[in-house]
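If you scroll down you'll find the structure; I have some questions about it.
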Amino acid sequence: MAKKVTKAVIPAAGLGTRFLPETKALPKEMLPIVDTPTIQFIVEEAKASGIKDIVIVIGKGKRSIEDHFDANPELESILEQRAKTKILETIEKTNDMNIYFIRQSHPRGLGDAIYTARSFIENEPFIVMLGDDVMRDKVPLTRQLMDSFHKTGASTLAVKRVAHKDISKYGVIDPQQEVEPGLFNVKRFVEKPSPDKAPSDLAIIGRYLLTPEIFGILEQTKPDAGGEIQLTSAIDELNKTQRVFAHEFKGERYDTGNKLSWLETNIQFGLRHPEISTDLRKYILNLAKELEQQK
């Protein structure tokens, strides 16, 4: 029987250069979706999936992430005195998980960030959750990967079909066969292929369930031309010695990795937010009318 998955790694040491100048002082992971930092959605998915312990890999200038997930007794006391019950409950949700922090000394890529967490993971299977992707489904995507692992005992990556023209932005799988609906055996994993060379339109998205053998491979993986250790390359090597599956995610994926997609995500979440949805909808409709009149 496969070991139980109880730990997750959230890499959050990147420089966030696509959001400069905002990310000069504010970690990209703390950029809000309406009123909630993006990284909190990731932590809440882990909790809803049954993960018990989370390690967040941080770098220079990321102290606000630690502060966000720490208790703030003074603020909580004031909210309690003012009977701000709902807000207090929201605040308390940020510090009711076992969250630990490890520092990545230099930004050497995703593979190196994962390798930094090896002592925390020890000899256990674990989840990797990237902060750029916010997922929504009836069953959390992390839980879906865990359920698949309990059946197969093998590393499993989340994939989703993307527009062929956008495939060069992603790691991509070369599927061998669909062993059951939505679960693929994989021939190889290809990092950011050009559209004319992509083996499929199934792109690797920001959730992985990996066995601890990945650490030995990461230790031997050489940096690419940009000086980064690519996780996709290590997974492709792992696939040569033990099976690695790909699980197709059919739920909603929100990309917050660039300015436009982050704004789009904010609009979509805003239209669902109980405090602002009605007014935001009116604003969008009025703005659309004004733009139409300006044509």
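Going by what's in this entry, would VAL55 be described as aliphatic (A, V, I, L, M), surrounded by 15 or more Cβ atoms within 10 Å (Cβ to Cβ) and at positive phi?
So VAL55 fails the test.
For region 227-236, indicate whether the set of residues that are in the same structural domain as GLY206 (by TED's automatic domain parsing), charged (D, E, K, R) and more than 24 Å from PHE41 (Cα to Cα) is non-empty.
Scanning region 227-236 turns up at least one residue that is in the same structural domain as GLY206 (by TED's automatic domain parsing), charged (D, E, K, R) and more than 24 Å from PHE41 (Cα to Cα).
A follow-up question, please. How about region 162-194: which of its residues are loosely packed, with under 13 Cβ neighbours inside 10 Å and either of a type in the set (Lys, Arg) or in a loop (DSSP other than H, G, I, E, B) (or both)?
Selection gives ALA163, LYS165, PRO181, SER194.
What number of residues within region 238-260 satisfy the criterion of being of a type in the set (S, T, N, Q) and loosely packed, with under 14 Cβ neighbours inside 10 Å?
3
May I ask you to say which residue of ALA71, ALA13 is in contact (Cβ under 8 Å) with a residue 24 or more places away in the chain, surrounded by fewer than 14 Cβ atoms within 10 Å (Cβ to Cβ) and assigned by TED's automatic domain parsing to the domain that holds ASP137?
Testing whether each residue is in contact (Cβ under 8 Å) with a residue 24 or more places away in the chain, surrounded by fewer than 14 Cβ atoms within 10 Å (Cβ to Cβ) and assigned by TED's automatic domain parsing to the domain that holds ASP137 leaves just ALA71.
Does region 205-255 hold any residues that are of a type in the set (A, V, I, L, M) and touching a Gly at 6+ places or on another chain (Cβ under 6 Å), and which are they?
LEU218, ILE229, LEU231, ALA234
Every residue, every condition in (1) within 22 Å of LEU31 (Cα to Cα); (2) surrounded by fewer than 16 Cβ atoms within 10 Å (Cβ to Cβ), yes or no:
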residue: ASN95; (1), (2): yes, yes
residue: THR116; (1), (2): no, no
residue: SER119; (1), (2): no, yes
residue: ASN123; (1), (2): no, yes
residue: ARG143; (1), (2): no, no
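Moving to a separate point now. Could you tell me whether LYS28 is under 23 Å from ILE91 (Cα atoms) and in contact (Cβ under 8 Å) with a residue 60 or more places away in the chain?
Considered against the rule, which asks whether it is under 23 Å from ILE91 (Cα atoms) and in contact (Cβ under 8 Å) with a residue 60 or more places away in the chain, LYS28 comes out as yes.
Show the residue pairs meeting these rules: Cβ distance below 6 Å; 6+ apart or different chains; first residue within region 171-189 and closer than 18 Å to MET146 by Cα; second residue hydrophobic (A, V, I, L, M, F, W, C) and surrounded by fewer than 17 Cβ atoms within 10 Å (Cβ to Cβ).
Pairs found: ASN185/VAL179.
Does any residue in region 121-141 that is at positive phi come within less than 6 Å, Cβ to Cβ, of a residue that is crowded, with 23+ Cβ neighbours inside 10 Å six or more places away or on a different chain, and which pairs are these?
That search, which allows pairs on different chains as well, returns nothing.
What residue, among those in region 237-285 that are of a type in the set (Gly, Ala, Ser) and free of Cβ contacts under 8 Å to residues at least 12 places away in the same chain, is nearest to LYS151 (Cα to Cα)?
Once the filter is applied, the top-ranked residue is SER261.
The values are calculated or read from the model by the stated rules, or taken from the named source; none is laboratory data. Keep in mind the model is a prediction, meaning the values are calculated, not measured. Methodologically, a virtual Cβ is constructed for each residue, glycine included, from the backbone with ideal geometry; neighbour enumeration extends over all protein chains shown.
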